[in-house]
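Down below is the structure, laid out as structure tokens.
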Amino acid sequence: MTSNASLPSPARRTRGIMLFVLATLVLACAVFVVRRPLMMSAPACMAGRWHGCFDTFNGVVLLTLAALPLAALVVWALARHRRAAGVMSAWRISMAEVGMVYGTAPFLWMTLMPGGGAGTVPARVSLVPLRDLATMGPIGIGGNLLVFAALGFFAPMRFAASASVPRVLALGAGCSVLVETAQYVLRLDRVSSVDDVLVNATGAVLAALASRRWWRTTEAPADRPQPTPVGAR
């Protein structure tokens with residue numbers, strides 16, 4: 001098989017470029033809409049102060065957006081290293097690895113952010129399913145859907161062992177249980193709710209379904225260097 005066989009077709013390449021441009025436009029529009037709340041945390045973040053930056057949702061979102069070029073640079077460096085080693089699907093693997101970390105870490109930080117009564121109020125837990133959904137509101141439900149969305153989207157692209165809906169569901173639920181347990185044990189002035197686990201796991205599954213066409217399979221390992229063909233003598 002020649003090297004040209006592994007290149008994407010012009011139609012696929014054009015579609016990929018269009019999707020990238022569309023995603024960039026959507027991100028730019030979202031940033032424009034929320035620019036004022038984000039800029040409220042800019043002075044504290046630029047000064048390196050914890051209060052007003054790292055302990056606020058606006059500050060974490062602002063830092064996440066600021067770190068986007070660095071994440072893209074890491075993807076490029078990893079992909080270049082893998083391509084030099086002859087690894088197939090170097091870009092997909094690198095993007096999946098960075099995407100899982102970049103898309104999950106900020107939400108974990110915000111989820112484990114202590115409340116005003118952290119360490120003083122007793123730990124609270126809610127084990128009745130669907131009871132807390134009414135009090136979450138659209139923003140709360142949307143945020144909980146996004147907590148492990150990046151993990152659900154990219155994990156099946158990187159690890160064949162997680163490339164199934166039940167496994168992604170178990171992965172999202174397991175990670176959510178760990179987060180809720182940490183909230184309870186550390187007494188962060190947050191309610192450890194079973195509804196958070198349900199919504200977090202649902203978000204991971206929905207994101208995984210969105211990336212299903214790029215899931216990695218065991219029949220086509222993507223991270224093994226390909227043997228260099230021996231030239232004819």
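Values for this structure:
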| item | result |
| --- | --- |
| Residue among G115, G152, G103 that is closer than 24 Å to S41 by Cα, among the small types (G, A, S) and under 12 Å from the mean Cα position of the chain (by Cα) | G103 |
| Boolean, A134 is out of contact with any Phe, Trp or Tyr (no Cβ under 6 Å at 6 or more places or on another chain), farther than 15 Å from V168 by Cβ and at pLDDT below 90 | yes |
| Residue that is nearest to D132 (Cα to Cα), among those in the range 179-215 that are touching a residue at least 40 places away in the same chain (Cβ under 8 Å) and among the basic types (K, R) | R190 |
| Pair list, Cβ < 6 Å and 6+ apart or interchain, from the range 44-62 residues that are on the phi > 0 side of the Ramachandran plot to residues that are part of a helix (DSSP H, G or I) | G52/A44 |
| Qualifying helices (runs of 4 or more DSSP H) (wholly inside the range 110-228; at least 3 residues being over 23 Å from I93 (Cα atoms) and outside the structural domain of W50 (by TED's automatic domain parsing)) | 133-146, 165-186, 194-210 |
| Condition check for G172: at pLDDT below 95 and either under 25 Å from M113 (Cα atoms) or among the charged types (D, E, K, R) (or both) | no |
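The values are calculated or read from the model by the stated rules, or taken from the named source; none is laboratory data. Predicted model only: the values in this text are computed from it and were never measured. Quick reminder, even Gly has a Cβ in these numbers, built from the backbone with ideal geometry, and neighbours come from all protein chains shown.
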